[in-house]
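K.L.:
Here you go, one structure.
No lab work stands behind these numbers, since they all come straight from the coordinates. All values reported here derive from a predicted model rather than from experimental measurement. All Cβ positions, even for glycine, are placed from backbone atoms using ideal geometry, and neighbour counts span all protein chains on display.
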Amino acid sequence: MTMEEFEYSIDRLDDTDAIPLELLLLADPSKNSIEDYLSRGICYIYRTDKIVGTYILIKTRPNTMEIVNISVKEDMQGKGIGKRLLLHAISVSKEEGAMTLEIGTGNSSLQQLSLYQKCGFRIVGVDKDFFIRHYDEEIIENGIICRDMIRLSIDL
Ligand code: COA
């Protein structure tokens with residue numbers, strides 16, 4: 001079955017919805033930072049018959065927003081949902097009047113780096129040793145040690 005055959009919606013999480021913690025934890029194993037992001041931003045959820053994707057949008061500086069904790073349920077990855085969430089975040093940020101939308105990912109997150117650039121984000125910086133400073137456990141993806149945070153942004 002192709003994605004086109006699934007009805008879907010992307011909406012703000014409201015008070016009656018349970019926080020999709022399991023999904024948010026896929027993008028960041030730290031519950032503390034998820035709670036901090038949820039208190040500072042707006043969580044959006046992608047639903048078919050159930051919640052399969054999410055992201056949190058935060059205002060970081062004047063005219064600047066950041067996507068954090070974007071994640072798609074493991075068995076639904078690779079079907080274009082992540083791309084739809086990113087494009088949704090771009091259009092919401094534009095409506096909010098932001099001029100820049102940012103996102104960050106690990107140097108070893110090759111699929112994410114590919115997806116974000118395909119959606120128009122450009123690499124604007126490197127926060128060297130970010131993951132070494134902030135995480136106790138070593139992270140290895142694609143055979144690469146995750147050390148640095150690659151910062152990307154798109155002009156809106
Ligand atoms: N190498 C390079 N590109 C790859 C790839 C690989 N191994 N696997 C997939 N891709 C590309 C695909 O080509 C696709 O692009 P296309 O639409 O042009 O073909 C894109 O990556 C995948 O897009 P999509 O299906 O929209 O992504 P998704 O629904 O799987 O969501 C994530 C992407 C990152 C949100 C999802 O994989 C996820 O939840 N990962 C775990 C949490 C996470 O790491 N979050 C990000 C924290 S920074």
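K.L.:
Does ILE67 satisfy being part of a strand (DSSP E or B), hydrophobic (A, V, I, L, M, F, W, C), within 13 Å of the ligand (Cβ to nearest atom) and more than 29 Å from ASP136 (Cα to Cα)?
P.N.:
Numbers: part of a strand (DSSP E or B): yes; hydrophobic (A, V, I, L, M, F, W, C): yes; within 13 Å of the ligand (Cβ to nearest atom): yes; more than 29 Å from ASP136 (Cα to Cα): no.
It is false that ILE67 is part of a strand (DSSP E or B), hydrophobic (A, V, I, L, M, F, W, C), within 13 Å of the ligand (Cβ to nearest atom) and more than 29 Å from ASP136 (Cα to Cα).
K.L.:
Conditions: (1) touching a Cys at 6+ places or on another chain (Cβ under 6 Å); (2) near the ligand (Cβ under 7 Å from one of its atoms). ILE56 meets all but one. Number of the miss?
P.N.:
Of (1) touching a Cys at 6+ places or on another chain (Cβ under 6 Å); (2) near the ligand (Cβ under 7 Å from one of its atoms), only one is false for ILE56: (2).
K.L.:
Of the residues SER39, SER114, SER91, which is surrounded by fewer than 15 Cβ atoms within 10 Å (Cβ to Cβ), outside any strand (DSSP E or B) and near the ligand (Cβ under 7 Å from one of its atoms)?
P.N.:
Working: SER39 fails: near the ligand (Cβ under 7 Å from one of its atoms); SER91 fails: near the ligand (Cβ under 7 Å from one of its atoms).
One residue alone meets the criteria, SER114.
K.L.:
Looking only at the stretch 71-94, how many residues end up being among the polar types (S, T, N, Q) and touching a residue at least 40 places away in the same chain (Cβ under 8 Å)?
P.N.:
The number of residues fulfilling the criteria is 2.
K.L.:
Can you tell me which residue in the stretch 104-126 is farthest from the chain's Cα centre (by Cα), limited to those that are farther than 20 Å from TYR55 by Cβ and not aliphatic (A, V, I, L, M)?
P.N.:
Of all residues in the stretch 104-126, those farther than 20 Å from TYR55 by Cβ come to 107-108, 125-126.
Retained after the next criterion (residues that are not aliphatic (A, V, I, L, M)): 107-108, 125.
Working: ASN107: 15, SER108: 16, GLY125: 17 Å.
Among those that are farther than 20 Å from TYR55 by Cβ and not aliphatic (A, V, I, L, M), it is GLY125.
K.L.:
Report yes if GLY104 is within 8 Å of the ligand (Cβ to nearest atom), surrounded by 13 or more Cβ atoms within 10 Å (Cβ to Cβ) and assigned to a strand (DSSP E or B), otherwise no.
P.N.:
It is true that GLY104 is within 8 Å of the ligand (Cβ to nearest atom), surrounded by 13 or more Cβ atoms within 10 Å (Cβ to Cβ) and assigned to a strand (DSSP E or B).
K.L.:
Which of the residues that make up the stretch 57-68 are surrounded by fewer than 22 Cβ atoms within 10 Å (Cβ to Cβ) and under 15 Å from the mean Cα position of the chain (by Cα)?
P.N.:
ILE58, LYS59, THR60
K.L.:
Okay, next question. Could you tell me how many of the residues in the stretch 118-133 are under 26 Å from GLY78 (Cα atoms), surrounded by 13 or more Cβ atoms within 10 Å (Cβ to Cβ) and out of contact with any strand residue (DSSP E or B) (no Cβ under 7 Å at 6 or more places or on another chain)?
P.N.:
Result for the stretch 118-133: 1.
K.L.:
Right, another one. Kindly indicate whether any position in the stretch 127-134 is outside any loop (DSSP other than H, G, I, E, B) and within 15 Å of the chain's Cα centre (by Cα).
P.N.:
no
K.L.:
Can you name every residue in the stretch 117-156 that is more than 15 Å from the ligand (Cβ to nearest atom), within 19 Å of THR100 (Cβ to Cβ) and either without any contact (Cβ under 8 Å) to a residue 24 or more places away in the chain or of a type in the set (Asp, Glu) (or both)?
P.N.:
Correct list: ASP155 only.
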